[in-house]
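The values are calculated or read from the model by the stated rules, or taken from the named source; none is laboratory data. Keep in mind that what you see is a predicted model, and the values were worked out from it rather than measured. Positions of Cβ are generated from backbone atoms using ideal geometry, with glycine treated the same way; all protein chains shown enter the neighbour counts.
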Amino acid sequence: MTYTSERPPIAESSDSLRARIPGWGADLDPKDRPSVPKLQWQEDKTGAHWEFPERQPEKWPRERSIEHAFLTPVFGTSCPPKGLSGALRKYSYRKYSEGRAAHWLLLLAADRVDAWESHLRSFATLRPDNPITETGVLSEFTRHGFSSRVGKKRADVKHHLVDPVIVAGPWVLAAGLAYSAVRKVVRWRRR
Amino acid sequence: MRAMVYRGPYKIRVEEKDVPAIEHPGDAIVRVTLAAICGSDLHLYHGMMPDTRVGMTFGHEFIGVVEEVGSGVQNLKRGDRVMVPFNVFCGTCWFCARGLYSNCHNVNPNATAVGGIYGYSHTCGGYDGGQAEFVRVPFADVGPTLIPDWMDDEDAVLLTDALATGYFGAQLGEIVEGDVVVVFGAGPVGLFAAKSAWLMGAGRVIVIDHLENRLEKARTFAHAETCNFTEHDDIVVHLKKLTGHLGADVAIDAVGAEADGNLTQHFTSAKLKLQGGSPVALNWCIDGVRKGGTVSVMGAYGPMFSAVKFGDALNKGLTLRMNQCPVKRQWPRLFEHIRNGYLKPSDIVTHRIPLEHIAEGYHIFSAKLDGCIKPLIVPNAG
């Protein structure tokens with residue numbers, strides 16, 4: 001047992017486990033484990049036929065970590081930075097390394113700004129954002145929302161009620177402010 | 001093409017986007033035939049990962065057919081049926097040369113601390129992902145592999161992340177014959193880690209979660225003992241009792257950033273975004289493993305700091321091991337295990353959702369409705 005040099009016994013022997021569980025012990029020898037040891041020289045370069053990759057054309061000044069010596073030869077081109085959120089992102093990359101909390105907090109702030117910029121922009125299109133369809137919340141009625149939670153001893157149910165507040169709260173607030181602003185304008189024009 | 005598009009926290013929709021173009025001679029364009037939603041996609045969906053931009057297409061688990069190749073591609077041709085690891089990697093940088101494909105230094109300008117991942121924010125390189133009809137695949141000669149004729153599509157898509165990651169997590173546990181292995185989290189990665197622990201000779205595998213349907217899957221699919229942490233005042237004490245007060249030899253965190261079980265941790269991370277992740281499961285690993293034991297971290301965390309109990313880890317002399325999985329390095333051995341019948345990854349799939357209904361798919365997976373364990377996304381469900 002634990003308070004002596006003896007190890008607490010295991011209920012089932014290796015032979016019994018091998019008989020019961022398909023493949024038990026197939027990788028018992030660490031040599032059969034592909035990530036042991038951690039660093040292993042890859043002679044085949046997994047198909048690469050270059051020493052350093054050709055550079056992908058940079059179509060706009062690509063934001064990058066200041067911990068990099070240069071822009072990596074290949075990079076993603078999804079969603080170039082734009083608007084206020086883009087300015088925040090570019091500033092964060094230009095100013096702070098990954099080691100600084102300010103870098104990540106600014107990026108997170110930019111994400112929230114980006115969402116609101118995009119929501120507002122969508123209202124000027126034929127397809128405005130729709131929090132009902134985009135949250136998929138209607139699946140609560142078709143995919144057993146109630147019975148999936150009630151009586152299930154789930155630890156997460158206690159904070160599920162917060163999610164609608166997080167998602168809908170800013171929309172309700174924005175709608176209230178818009179209504180208030182419109183009412184003030186109408187009253188002002190009637191005077 | 002039709003593609004899933006992020007519209008802000010908890011909001012996604014399907015939009016018409018341009019088919020991706022070849023941007024580098026080593027690129028391929030792949031027509032996606034099957035994709036999946038990963039548990040870590042939920043961190044993006046909930047707005048936890050910094051630099052997740054509105055308009056991005058998520059999805060790092062996908063398979064498909066090569067539609068077009070760049071002028072420099074030698075190993076693939078149009079029409080090839082391929083599986084694509086979630087890592088974007090070059091094959092020749094210092095890290096790739098040593099097999100750390102998930103830590104490639106040539107594919108992510110936005111951060112040096114993480115490699116490139118499809119559809120996983122600009123923090124992971126700004127690549128659109130595979131929850132779409134088409135996707136750009138950089139370094140097509142390096143990452144993708146032809147899907148063997150004998151392999152099912154659903155098994156193949158789970159090899160692109162979930163199975164490889166669970167198997168990798170068990171390896172990082174440095175399991176020796178007879179070890180007691182505890183796995184926190186009975187989601188796809190936890191189930192595969194538990195199953196893989198047996199391959200490495202574990203003497204006992206205990207899976208801990210709070211969702212009964214997932215624990216049932218851990219018993220039937222992964223042959224594991226299970227424990228619902230909501231039934232115990234203190235899961236660490238319970239674990240000590242289960243292991244003769246020694247603690248587990250190996251503990252695997254297969255939960256990551258949105259762990260439940262401690263409301264303060266969950267709120268300050270998942271809701272208020274003040275931590276990189278809620279390290280509840282990680283702290284349970286640290287406290288539940290025996291002194292001198294090993295903790296393997298497979299759950300995903302953001303780049304910000306988290307309230308981890310490093311003092312206990314130090315005082316217990318623990319070995320902490322972690323990484324994003326270098327997927328392609330796992331494949332030859334995993335192909336053997338699947339062919340030998342030791343692993344059948346598609347057994348954990350619970351939902352097959354048309355791309356057009358992906359918003360519902362994310363909600364079902366996020367809110368754990370309908371017994372959801374692993375949802376697949378079908379781009380052309382007709």
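Within the stretch B:245-263, can you find the residues that are out of contact with any helix residue (DSSP H, G or I) (no Cβ under 9 Å at 6 or more places or on another chain) and either in a loop (DSSP other than H, G, I, E, B) or away from chain A (no Cβ under 14 Å) (or both)? Can you show your working first?
Just the residues of the stretch B:245-263 that are out of contact with any helix residue (DSSP H, G or I) (no Cβ under 9 Å at 6 or more places or on another chain), to begin with: B:245, B:249.
If the condition is that a residue be out of contact with any helix residue (DSSP H, G or I) (no Cβ under 9 Å at 6 or more places or on another chain) and either in a loop (DSSP other than H, G, I, E, B) or away from chain A (no Cβ under 14 Å) (or both), then B:245 is the only one that fits.
Return the total of residues in the stretch A:92-117 being within 19 Å of the chain's Cα centre (by Cα) and more than 9 Å from chain B (Cβ to nearest Cβ).
3
For the stretch A:140-151, check the following and say yes or no: at least one residue is at the interface with chain B (Cβ under 7 Å from one of its Cβ atoms), surrounded by 15 or more Cβ atoms within 10 Å (Cβ to Cβ), over 23 Å from the mean Cα position of the chain (by Cα) and among the hydroxyl-bearing types (Ser, Thr, Tyr).
Yes - at least one qualifying residue is present in the stretch A:140-151.
Can you name the number of the only condition in (1) among the polar types (S, T, N, Q); (2) more than 7 Å from every other protein chain (Cβ to nearest Cβ); (3) under 20 Å from residue B:48 (Cα atoms) that residue A:130 fails?
(3)
Which of (1) farther than 30 Å from residue A:99 by Cβ; (2) surrounded by 21 or more Cβ atoms within 10 Å (Cβ to Cβ); (3) among the acidic types (Asp, Glu) does residue B:67 not meet, given it meets every other one?
(2)
I'd like the full set of residues that are in contact (Cβ under 8 Å) with a residue 60 or more places away in the chain, part of a helix (DSSP H, G or I) and either of a type in the set (Gly, Ala, Ser) or at the interface with another protein chain (Cβ under 7 Å from one of its Cβ atoms) (or both), limited to the stretch B:197-244.
Across the stretch B:197-244, the qualifying residue is only B:199.
Just checking, how many residues over the stretch A:70-91 are more than 7 Å from chain B (Cβ to nearest Cβ) and either touching a helix residue (DSSP H, G or I) at 6+ places or on another chain (Cβ under 7 Å) or part of a helix (DSSP H, G or I) (or both)? Steps first, please.
Let us first name the residues in the stretch A:70-91 that are more than 7 Å from chain B (Cβ to nearest Cβ), namely A:70, A:80-88, A:90-91.
From what's left, either touching a helix residue (DSSP H, G or I) at 6+ places or on another chain (Cβ under 7 Å) or part of a helix (DSSP H, G or I) (or both): A:81, A:83-88, A:90-91.
The qualifying residues number 9.
For residues that are touching a Gly at 6+ places or on another chain (Cβ under 8 Å) and in a loop (DSSP other than H, G, I, E, B), tally how many sit in the stretch B:4-50.
Total satisfying the criteria: 14.
Please work out which residue is surrounded by the most Cβ atoms within 10 Å (Cβ to Cβ), limiting yourself to the stretch A:1-50 and to residues that are modelled with pLDDT under 95 and in contact with a Ser or Thr (Cβ under 7 Å, 6 or more places away or on another chain).
The residue in question is A:45.
If the Cβ limit is 7 Å and pairs must be 6+ apart or interchain, which residue in the stretch B:138-158 that is buried (at least 21 other Cβ atoms within 10 Å of the Cβ) pairs with which residue that is of a type in the set (S, T, N, Q) and part of a loop (DSSP other than H, G, I, E, B)?
Pairs that qualify, where the first residue is buried (at least 21 other Cβ atoms within 10 Å of the Cβ) and the partner is of a type in the set (S, T, N, Q) and part of a loop (DSSP other than H, G, I, E, B), are B:141/B:74; B:141/B:75.
For residues in the stretch B:264-296 being of a type in the set (A, V, I, L, M, F, W, C) and not in a helix (DSSP H, G or I), which is nearest to residue B:243 (Cα to Cα)?
Looking at residues that are of a type in the set (A, V, I, L, M, F, W, C) and not in a helix (DSSP H, G or I), I get B:289.
Scan the stretch B:73-116 residue by residue and report those that are small (Gly, Ala, Ser) and either free of Cβ contacts under 8 Å to residues at least 60 places away in the same chain or touching a Leu at 6+ places or on another chain (Cβ under 7 Å) (or both). Working first, answer last.
Step one: list which residues in the stretch B:73-116 are small (Gly, Ala, Ser), which gives B:79, B:91, B:97, B:99, B:102, B:111, B:113, B:115-116.
Matches in the stretch B:73-116: B:79, B:91, B:97, B:99, B:116.
Being touching a helix residue (DSSP H, G or I) at 6+ places or on another chain (Cβ under 7 Å), under 18 Å from residue B:162 (Cβ atoms), at the interface with chain A (Cβ under 8 Å from one of its Cβ atoms) and not in a loop (DSSP other than H, G, I, E, B) is the filter here; which residues of the stretch B:338-362 pass it?
Hit for the stretch B:338-362 is B:362, nothing else.
All but one of (1) crowded, with 24+ Cβ neighbours inside 10 Å; (2) more than 20 Å from residue B:318 (Cα to Cα) hold for residue B:225; state the number of the condition that does not hold.
Evaluating residue B:225 over (1) crowded, with 24+ Cβ neighbours inside 10 Å; (2) more than 20 Å from residue B:318 (Cα to Cα) leaves (1) as the failure.
What is the residue count in the stretch B:349-382 for residues that are out of contact with any strand residue (DSSP E or B) (no Cβ under 9 Å at 6 or more places or on another chain) and modelled with pLDDT under 95?
Summing the residues that are out of contact with any strand residue (DSSP E or B) (no Cβ under 9 Å at 6 or more places or on another chain) and modelled with pLDDT under 95 in the stretch B:349-382 gives 0.
Take the stretch B:264-286 and flag every residue that is facing chain A (nearest Cβ under 9 Å) and either under 17 Å from residue B:193 (Cα atoms) or of a type in the set (Lys, Arg) (or both).
Across the stretch B:264-286, the qualifying residues are B:271, B:273.
So which of A:67, A:63, A:58, A:43 is assigned to a loop (DSSP other than H, G, I, E, B), touching a Phe, Trp or Tyr at 6+ places or on another chain (Cβ under 6 Å) and either more than 7 Å from chain B (Cβ to nearest Cβ) or within 22 Å of residue A:94 (Cα to Cα) (or both)?
Answer to the selection: A:63.
Which members of the stretch B:97-111 meet the condition of being within 7 Å of another protein chain (Cβ to nearest Cβ) and part of a helix (DSSP H, G or I)?
B:97
Where in the stretch A:92-191 are the helices (runs of 4 or more DSSP H), entirely inside, with at least 1 residues that are at pLDDT 95 or above, under 21 Å from residue B:12 (Cβ atoms) and touching a strand residue (DSSP E or B) at 6+ places or on another chain (Cβ under 7 Å)?
Where helices (runs of 4 or more DSSP H) fall fully within the stretch A:92-191 and carry at least 1 residues being at pLDDT 95 or above, under 21 Å from residue B:12 (Cβ atoms) and touching a strand residue (DSSP E or B) at 6+ places or on another chain (Cβ under 7 Å), they are A:101-122, A:131-134.
Test each condition in (1) more than 11 Å from chain A (Cβ to nearest Cβ); (2) over 17 Å from the mean Cα position of the chain (by Cα); (3) under 23 Å from residue B:4 (Cα atoms) for residue B:151 and report the one that comes out false.
(3)
Mind checking which residues of the stretch B:363-376 are within 13 Å of chain A (Cβ to nearest Cβ) and part of a strand (DSSP E or B)?
B:375
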